[in-house]
Amino acid sequence: MLSRSEIQSFLTEHPDFDDISNGMRSAARFPNKALLKETRKVVALARKFNKEVVIPHALELDRKKQEEHDYLPWEFVQKANEWGFFTMWIPRFFGGRGCSFHSMFYFIEEIASQCLAMANLIGVHYLGAGALFCAWNIRVCNEIFREVAEGEKHEAPCLITAATTEPGAGTDCEETELLDKGTLTCRATRVDGGYRINGSKIFISNGHLSTWHNVVCYEDPERPSETAMLCLVKTGADGFSFGRQENKMGQLACPASELIFRDCFVPDRYVSMNNLQMSGLRGGEKGKTREILSQFFSASRLGVAAFGVGAARGAYQKALRFALNTEVSGKLLINHQWAQNILAEMYKNVASSRLSYIEGADVNGIEGMLRPVYNKPLFYIFKYYPFHWMKPIVNRMLESSLTTRIFRKLQLEWMTEDQLNRNAGWGALAKFMATDAGMKNSHLALELMGQAGVRHDREAEKIFRDAKLLQIYEGTNQLNRQCLFESFIGRHYPQVRVYEHES
Amino acid sequence: MPAVKEKELKMLDKAAAEFAKKELAPNREENDMFPFGPFFDTVLQKAFALDFFHLILPESAGGMNQGLTALSRLLENLCQEDSSLGGIVFTTAAAQQIMLEAGSETELGKLADAQTARDCLIGLPVFNNPAEIPNMAEARKNGHTYTLSGTLEYVVLAGVAGHALIPARLEEEEGYSFFLVNLGGAGVEKSEPVLSLGLRACPAVDLQLTNARAALIGEPGRGDAYFTRMADKFHTAAAAMSAGVMKGSFKEALEYARGRFQGGQEIIKWSEVKMLLSNMAVKINNADMIMASACHAVDEGLPGWEQKSSAAALHIQEMACGATTDGVQLMGGVGYMKDYGQEKRMRDAKHMQALLGIAPLKRVKFLEKMIK
Ligand SMILES: Cc1cc2nc3c(=O)[nH]c(=O)nc-3n(C[C@H](O)[C@H](O)[C@H](O)COP(=O)(O)OP(=O)(O)OC[C@H]3O[C@@H](n4cnc5c(N)ncnc54)[C@H](O)[C@@H]3O)c2cc1C
Ligand SMILES: Cc1cc2nc3c(=O)[nH]c(=O)nc-3n(C[C@H](O)[C@H](O)[C@H](O)COP(=O)(O)OP(=O)(O)OC[C@H]3O[C@@H](n4cnc5c(N)ncnc54)[C@H](O)[C@@H]3O)c2cc1C
């Protein structure tokens, strides 16, 4: 038999067994029954929401936006707010409903299977929430999330964006290796009591609809990876304005905006991360930027993967409905063997991509950004403890800088390189696998449906337009392949270099 | 190919390319706003004046008596800049070809003699093969005349053209027949323009016919034969459109990749970007070779020309769908925006893949015909 050390040594050979056994490892640690119960409820709720809100309005909204470029879907935002979707995945100790992230990814898939744009509108709010989480500034999280919860109570939706991309830097913002080679211009200048920001952000999803914006800026844009900081700017703040709404091909119900900052003052209390706050933590300034970016994208890319699965599933469903109801060459299309196999292929694309985001969510819950809420005892405390009874005490705790320091130690300093890579690798893999599947199925659905496929009123063409975005944002799929390469392949070989300029 | 013919084609190439650059490219995004913006009548009228709608008609019908090669060159050039006008030329020419196959030159001559572009256009449900999905009306014979009733989906150009060629089934007859319907006549009701994926300035409507007077084209019950003979040829023309849109997408992406900096260098210097661009360029080179061979086979009636034509369309359309999707990808977020025409090319290419019927079914049929 094998000794302990032999087992350890065989299992860390490439592929590291920990990289490929996330589902099994999480099964041993997660509060599985509670997770399953909650996810079942959330999926059922998503289906009800689809039936009552999404399906009746998806086409109409898409059409309206084509007719009237500046239209903003406030009614939908209100509905989603009423249904509690903007606090559903915010921890209860911040005033949210505290559902788990597994249920969020399933939820996103459900909504996306009926309308990617509406799913994006809800999902992007959690991209904003993710940008808050990943800096682990618990005081700022507490303040902003409580405002979101108040907004829900008072029917005044309070949404959050994540604003990274700039006109000169898209891909370059997504990868620390590239940051310093890029042309970043969003500058934060230290002034009394805070910073002044100058610059602009483009393509920011939900911009015009949101109250708070997580803005990534740089104290010295010549050294962005060492001087990156995150701050929160509120809509209406002096020096902050919206530019145009982008003129997109699809996902029309979810506007993308230009954000413009001209000497916009951000008080220190809304700086959620800068070098000063992070000093003393291991890893150096660049190391911290890398870690935060990596944790952010590891989680956000799983959300995009869930969108991709939703797109693939939506396309499959439209094609199936067409095949069930259309006679082609004298018999129902569904009874042509070639069509059956195309549908089987589409089903496979959906099912296999879903596995990828679940695997990613598993690894994230065991040892990624989400791990504090998946730990069994903490999970139950966070889920059932009556935080609202002891709000003043809880608030005092959350506002204390000690809490932030503990979380940062735990989440940033105590994250190993292996864990970081495993999360990044699965995030990237799920992202490009599922979004490629979304595009693939959109193509297949339109091919199968012929003339019906190109009509707006038959719903499939919208998915085709909507799905393409998924291959572009949260890092293009080319960048995500690079990320997988680095995380799972390159790191094992010392001779590997990435992003080298070639002649 | 005879030198004179080649010279003529070169002139056509040049004229079409110049027209596309001058008349189509500058307003591409605005024209694509239809039905939420105006229809591009002025451009259409200019195309009409240049005889773009008379290309394949015989001289006896007032045409230029050109073959599929000429039509394909015209379409490819137009679609490099904007496929919608290509769609209009294709649809009208396909209807004309059906009428030619049916021996209706006289009627065609009358239509071709029209004074305005709109009157010269002929609507046709060109994204469907009526033998596959019976999208057709019911025809009734009253003495020497016919009336049509029923609903037809997605009749391309029927919202803007003077006439449409409508497939309909005659009572107690096998198969179907084609009828020419005056779209301004009684009993013809048109829906609002159908909002579509691509080719938005080549609009379609759903038609509701109620005892609408119609003229039989060719012989009764021979609709499928005429459609098939047209489609055999016009697969090549459809392939040309896809080749054109693919070239337009490549040009745009290449230019962007040369000018866009990421990671401290023009993105064209990243070898992954080179790979994507190269994939597009390889497809375009192959499309050129296929088009040359298919056009020659169709125009010369070489043995197996029908297969070459069909294979060209199946392959080039599929390549164009992949290439134009990558064409967007290469430009990142900008590619997804309506400001560059790149997202439109992706929509147009996918839309065009549905020309003349369901793509995978055309593939199955291809083999069936081959082994028959
Ligand atoms: C509708 C929409 C919504 C968005 N929402 C948000 C949002 O909410 N918040 C936000 O911050 N951003 C958002 N984005 C921005 C998005 O993340 C970027 O578009 C994306 O990162 C790509 O950047 P880019 O568009 O600048 O493309 P570029 O980086 O210019 O890429 C162009 C092409 O070059 C390739 N390329 C670039 N660099 C390299 C390299 N080093 N190696 C190989 N290939 C390379 C890319 O793969 C791509 O094919 C959104 C974008 C869109 C379109
Ligand atoms: C190396 C090797 C080891 C094997 N080991 C075993 C073994 O241990 N035990 C055992 O019992 N068998 C074994 N097999 C047999 C194997 O399971 C068969 O080869 C397989 O089931 C396919 O059958 P076939 O070779 O007769 O091909 P066919 O059934 O003749 O198929 C030929 C082609 O026609 C297609 N086709 C057939 N029917 C249909 C249909 N109804 N609709 C659509 N397409 C269809 C197939 O997909 C295939 O592409 C082995 C085969 C190989 C090559």
Inspect all residues belonging to the range A:428-446 and state whether any of them is touching a residue at least 24 places away in the same chain (Cβ under 8 Å), within 16 Å of ligand 1 (Cβ to nearest atom) and under 30 Å from A:Gly284 (Cα atoms). yes
Residue check, A:Arg262 in contact (Cβ under 8 Å) with a residue 60 or more places away in the chain, of a type in the set (Lys, Arg) and touching a helix residue (DSSP H, G or I) at 6+ places or on another chain (Cβ under 9 Å): no
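For every residue, the table says whether it meets (1) open to solvent by less than 10 Å² (accessible area, probe 1.4 Å); (2) farther than 23 Å from B:Ile316 by Cα.
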residue: B:Val4; (1), (2): no, yes
residue: B:Ala16; (1), (2): yes, no
residue: B:Asn27; (1), (2): no, yes
residue: B:Phe36; (1), (2): no, yes
residue: B:Lys46; (1), (2): no, yes
residue: B:Ile56; (1), (2): no, no
residue: B:Met64; (1), (2): no, yes
residue: B:Leu74; (1), (2): yes, no
residue: B:Thr92; (1), (2): yes, no
B:Ala225: surrounded by fewer than 21 Cβ atoms within 10 Å (Cβ to Cβ), away from chain A (no Cβ under 14 Å) and in contact (Cβ under 8 Å) with a residue 12 or more places away in the chain, yes or no? yes
Of the residues A:Leu178, A:Leu127, A:Leu72, only one is within 16 Å of ligand 1 (Cβ to nearest atom) and not in a helix (DSSP H, G or I); which? A:Leu72
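Okay, residues lined up against (1) hydroxyl-bearing (Ser, Thr, Tyr); (2) without any contact (Cβ under 8 Å) to a residue 60 or more places away in the chain; (3) not assigned by TED's automatic domain parsing to the domain that holds B:Arg347:
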| position | (1), (2), (3) |
| --- | --- |
| B:Gln96 | no, yes, yes |
| B:Met99 | no, no, yes |
| B:Ser104 | yes, no, yes |
| B:Asn128 | no, no, yes |
| B:Lys141 | no, yes, yes |
| B:Leu170 | no, yes, yes |
By residue number, the members of the range A:422-476 that are more than 20 Å from A:Met346 (Cα to Cα), within 9 Å of chain B (Cβ to nearest Cβ) and either under 18 Å from the mean Cα position of the chain (by Cα) or acidic (Asp, Glu) (or both) are A:Asp457, A:Ile472, A:Tyr473, A:Thr476
Okay, strands (runs of 3 or more DSSP E) sitting entirely in the range A:214-281 with 1 or more residues that are farther than 30 Å from A:Pro73 by Cβ, I get A:228-234, A:256-267, A:271-273
Are there any pairs, at least 6 apart or on different chains, whose C-beta atoms fall under 6 Å, with the first in the range A:245-257 and in contact (Cβ under 8 Å) with a residue 24 or more places away in the chain and the second within 10 Å of ligand 1 (Cβ to nearest atom) and in a loop (DSSP other than H, G, I, E, B), and if so, which? A:Gln245/A:Pro255; A:Ala256/A:Glu246
Check off (1) touching a Ser or Thr at 6+ places or on another chain (Cβ under 7 Å); (2) more than 15 Å from ligand 1 (Cβ to nearest atom) for B:Gln329 and give me the number that stays unchecked. (2)
Criterion (outside any helix (DSSP H, G or I) and either of a type in the set (A, V, I, L, M) or closer than 22 Å to A:Ile489 by Cα (or both)) met by exactly one of A:Met390, A:Met397, A:Met369: A:Met369
With criteria (1) at the interface with another protein chain (Cβ under 8 Å from one of its Cβ atoms); (2) aliphatic (A, V, I, L, M); (3) not in a helix (DSSP H, G or I), B:Val364 comes up short on (3)
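Any idea which of A:Ile204, A:Ile160 is out of contact with any helix residue (DSSP H, G or I) (no Cβ under 7 Å at 6 or more places or on another chain) and either more than 12 Å from ligand 1 (Cβ to nearest atom) or open to solvent by less than 10 Å² (accessible area, probe 1.4 Å) (or both)?
A:Ile204
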I'd like the full set of residues that are more than 14 Å from chain B (Cβ to nearest Cβ) and touching a residue at least 60 places away in the same chain (Cβ under 8 Å), limited to the range A:162-199. A:Ala162, A:Cys186, A:Ala188, A:Val191, A:Gly193, A:Gly194, A:Tyr195, A:Arg196, A:Ile197, A:Asn198, A:Gly199
In the range A:468-482, which residues are of a type in the set (A, V, I, L, M, F, W, C), assigned to a helix (DSSP H, G or I) and within 6 Å of ligand 1 (Cβ to nearest atom)? A:Leu469, A:Leu479
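Part of a loop (DSSP other than H, G, I, E, B), over 24 Å from A:Tyr384 (Cβ atoms) and open to solvent by less than 10 Å² (accessible area, probe 1.4 Å): does that describe A:Cys134?
So A:Cys134 fails the test.
Test of understanding: among A:Ala299, A:Ala311, which residue is within 21 Å of A:Leu127 (Cβ to Cβ), in a helix (DSSP H, G or I), within 15 Å of ligand 1 (Cβ to nearest atom) and open to solvent by less than 10 Å² (accessible area, probe 1.4 Å)?
A:Ala311
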Tally, over the range B:228-269, of residues that are small (Gly, Ala, Ser), in contact (Cβ under 8 Å) with a residue 12 or more places away in the chain and within 14 Å of chain A (Cβ to nearest Cβ): 6
List every residue pair whose Cβ atoms sit under 8 Å apart, with the two residues 6 or more apart in sequence or on different chains, where the first one lies in the range B:293-307 and is at negative phi and the second, anywhere, is open to solvent by 50 Å² or more (accessible area, probe 1.4 Å) and modelled with pLDDT under 95. B:His296/B:Met1; B:Glu306/B:Lys369; B:Gln307/B:Lys369; B:Gln307/B:Met370
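Within the range A:21-31, work out how many residues are surrounded by 13 or more Cβ atoms within 10 Å (Cβ to Cβ) and in a helix (DSSP H, G or I).
The qualifying residues number 5.
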Scan of the range B:338-352 for residues that are within 7 Å of another protein chain (Cβ to nearest Cβ) and open to solvent by 10 Å² or more (accessible area, probe 1.4 Å), ordered by number: B:Lys338, B:Asp339
Quick check on my filter: what residues within the range A:483-503 are assigned to a helix (DSSP H, G or I), open to solvent by 30 Å² or more (accessible area, probe 1.4 Å) and without any contact (Cβ under 8 Å) to a residue 12 or more places away in the chain? A:Ile489
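Looking only at the range A:181-213, count every residue that is over 22 Å from A:Leu469 (Cα atoms), among the small types (Gly, Ala, Ser) and part of a strand (DSSP E or B) and tell me the total.
Residues flagged as over 22 Å from A:Leu469 (Cα atoms), among the small types (Gly, Ala, Ser) and part of a strand (DSSP E or B) within the range A:181-213 amount to 3.
The values are calculated or read from the model by the stated rules, or taken from the named source; none is laboratory data. Keep in mind that what you see is a predicted model, and the values were worked out from it rather than measured. Reconstructed Cβ throughout: ideal geometry from the backbone, glycine too, with neighbour counts over all protein chains shown. All accessible areas refer to the heavy atoms of the entire protein, side chains included, with ligands and DNA or RNA removed. Shrake-Rupley method; radii C 1.70, N 1.55, O 1.52, S 1.80 Å.
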